[in-house]
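Report on the structure given below.
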Amino acid sequence: MLDGFDTQAIAFVAPLLSAQWNLPMSQFSSAFAVGLLGLTVGALVLGPLADRFGRKRILLACITLFGLFALLTAWSVSFQDLLWLRFLTGVGLGGAMPNIIAMTSEYAPQRLRATAVTVMFCGFPLGSMLGGFLAAKIIPVWGWEAVFIVGGVLPLLCVPFLALKLPESARFLVSHDKDAAGVGAIVRQLSPEGARLGAATRYYLPEEQISGFTVRHLFSQNRTASTLLLWIAFFCNLLVMYFLVNWLPALLKQSGYPLDAAIYATSTLNLGGVVGGVAVGRLIDRIGPFTILGTAYAMAAVFIGVMANAGGSGWLLYGALFIVGIGVVGTQIGMNAVASSLYPTGLRSTGIGWALGVGRLGSILGPTVGGFLLAQSWAPEAIIQISLWPAAVAALAVFALGWVVRVRPSTAAAPA
């Protein structure tokens with residue numbers, strides 16, 4: 001939830017900073033992009049480090065990093081300050097996400113794994129949604145700085161609690177043959193049967209063991225096609241998602257909506273993501289992921305077109321936004337669960353991190369293209385409508401990924 005709030009924060013304050021610093025709104029595409037570049041670096045670099053040094057250690061470092069630099073953003077006095085601080089905040093945010101997904105997946109029973117990951121990840125759009133309502137209330141009273149103070153202080157307050165209470169992934173400990181006594185203590189808490197196991201009990205994982213440079217293993221054991229299709233889906237969907245969450249307030253305001261209504265529109269998109277994330281997770285566990293996710297992406301493409309042509313109709317705009325939120329934000333949550341299931345334990349954080357990292361390239365491109373089109377005086381409706389095409393490509397990639405996984409079952413991780 002704090003991740004979602006901090007990622008969205010710049011979109012809430014950009015219209016105010018544009019007026020206060022006398023900068024064109026199109027220039028803030030670089031502020032959006034540099035934060036997303038930080039997310040990319042964090043996911044690509046810190047994801048693999050967690051497969052080597054542990055989920056918990058890297059996660060605590062990432063939370064400290066993004067909390068500290070989000071807090072310092074409140075004291076930005078120039079656009080250059082803002083760019084550096086958004087990049088460093090993004091590095092922490094980008095490194096935290098694959099670890100949270102991996103740890104949730106590794107503690108969830110297989111029959112509920114997608115549900116557990118999607119429910120956990122619903123914190124992200126929930127944070128964006130609640131952040132929108134909070135920003136609309138606190139900015140008029142305390143100014144834009146208050147958004148970053150809240151977004152920085154809350155993560156830092158969480159760090160000591162997580163250090164004390166969050167366990168390391170038991171699967172990681174077993175795969176690296178570490179802390180057998182600690183694994184035994186975790187197993188005894190997880191299962192009544194664990195109470196009968198002695199201190200000398202040895203544990204193992206019935207899956208491929210990963211060693212050496214983990215990234216190369218993303219293309220071994222028949223994983224090349226599934227990895228590339230996963231990357232295409234992440235790239236296209238995160239392009240659409242970050243294009244919308246970054247530019248929607250400004251585009252709707254330019255279309256004549258007041259700022260608070262434009263912010264509430266983004267919150268409606270994220271509300272659809274929360275509802276869609278939970279629903280998609282349950283459907284994945286019951287039916288399977290690929291038909292569900294591919295159909296949702298196709299539905300999102302259709303309703304982006306409806307949203308762009310709402311013609312000033314509030315109910316049509318908000319209704320379409322809610323459905324797009326299901327198909328873009330909610331489906332991305334489901335894709336995180338799919339990514340966690342494609343790779344064994346020793347490769348899971350790397351696989352998720354690199355999928356998110358490649359996706360972040362799309363999330364950088366989306367806001368950048370939005371700023372370019374805005375500078376070229378495109379109509380807001382036309383700028384919104386162009387984003388339906390990447391959603392359609394994501395749908396095709398997911399359908400193809402389903403076919404690859406069915407014909408090459410060795411691309412998936414062994415059951416837990």
So which residues in the range 398-408 are open to solvent by less than 30 Å² (accessible area, probe 1.4 Å) and farther than 18 Å from Tyr343 by Cα, if there are any at all?
none
Scanning the range 375-390 residue by residue, those farther than 17 Å from Ala310 by Cβ and touching a residue at least 60 places away in the same chain (Cβ under 8 Å) turn out to be Ala375, Trp389, Pro390
Take Ala135 and tell me if it is open to solvent by less than 60 Å² (accessible area, probe 1.4 Å) and closer than 18 Å to Ile63 by Cα.
no
Would you check if there is a residue in the range 204-212 being of a type outside the set (Asp, Glu), assigned to a helix (DSSP H, G or I), at pLDDT 75 or above and open to solvent by 10 Å² or more (accessible area, probe 1.4 Å)?
no
Whichever residue in the range 259-282 is more than 20 Å from the chain's Cα centre (by Cα) and free of Cβ contacts under 8 Å to residues at least 60 places away in the same chain and, among such residues, is nearest to Leu342 (Cα to Cα)
Ala262
Condition check for Ala308: in contact with an Asp or Glu (Cβ under 6 Å, 6 or more places away or on another chain), over 24 Å from Leu36 (Cα atoms) and either open to solvent by 20 Å² or more (accessible area, probe 1.4 Å) or of a type in the set (A, V, I, L, M, F, W, C) (or both):
yes
Go through the range 341-372 and count every residue that is among the aromatic types (Phe, Trp, Tyr) and more than 22 Å from Leu59 (Cα to Cα).
1
So, in the range 292-342, exactly how many residues are out of contact with any helix residue (DSSP H, G or I) (no Cβ under 7 Å at 6 or more places or on another chain), among the hydroxyl-bearing types (Ser, Thr, Tyr) and assigned to a helix (DSSP H, G or I)?
1
Can you tell me how many residues in the range 365-387 are open to solvent by 30 Å² or more (accessible area, probe 1.4 Å) and either within 20 Å of Val324 (Cβ to Cβ) or in a helix (DSSP H, G or I) (or both)?
11
Kindly indicate whether any position in the range 118-131 is small (Gly, Ala, Ser), surrounded by 20 or more Cβ atoms within 10 Å (Cβ to Cβ), farther than 26 Å from Glu168 by Cβ and at pLDDT below 85.
yes
What helices (runs of 4 or more DSSP H), lying completely within the range 1-106, carry at least 3 residues that are within 19 Å of Val329 (Cα to Cα) and open to solvent by less than 20 Å² (accessible area, probe 1.4 Å)?
2-20, 29-53
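The values are calculated or read from the model by the stated rules, or taken from the named source; none is laboratory data. All figures in this text were calculated on a predicted structure; none of them were measured in a lab. Glycine gets a Cβ as well: all are built from the backbone with ideal geometry, and neighbour counts include every protein chain shown. To get the accessible areas, we keep the full protein, side chains included, count just its heavy atoms, and leave off ligands, DNA and RNA. Shrake-Rupley method; radii C 1.70, N 1.55, O 1.52, S 1.80 Å.
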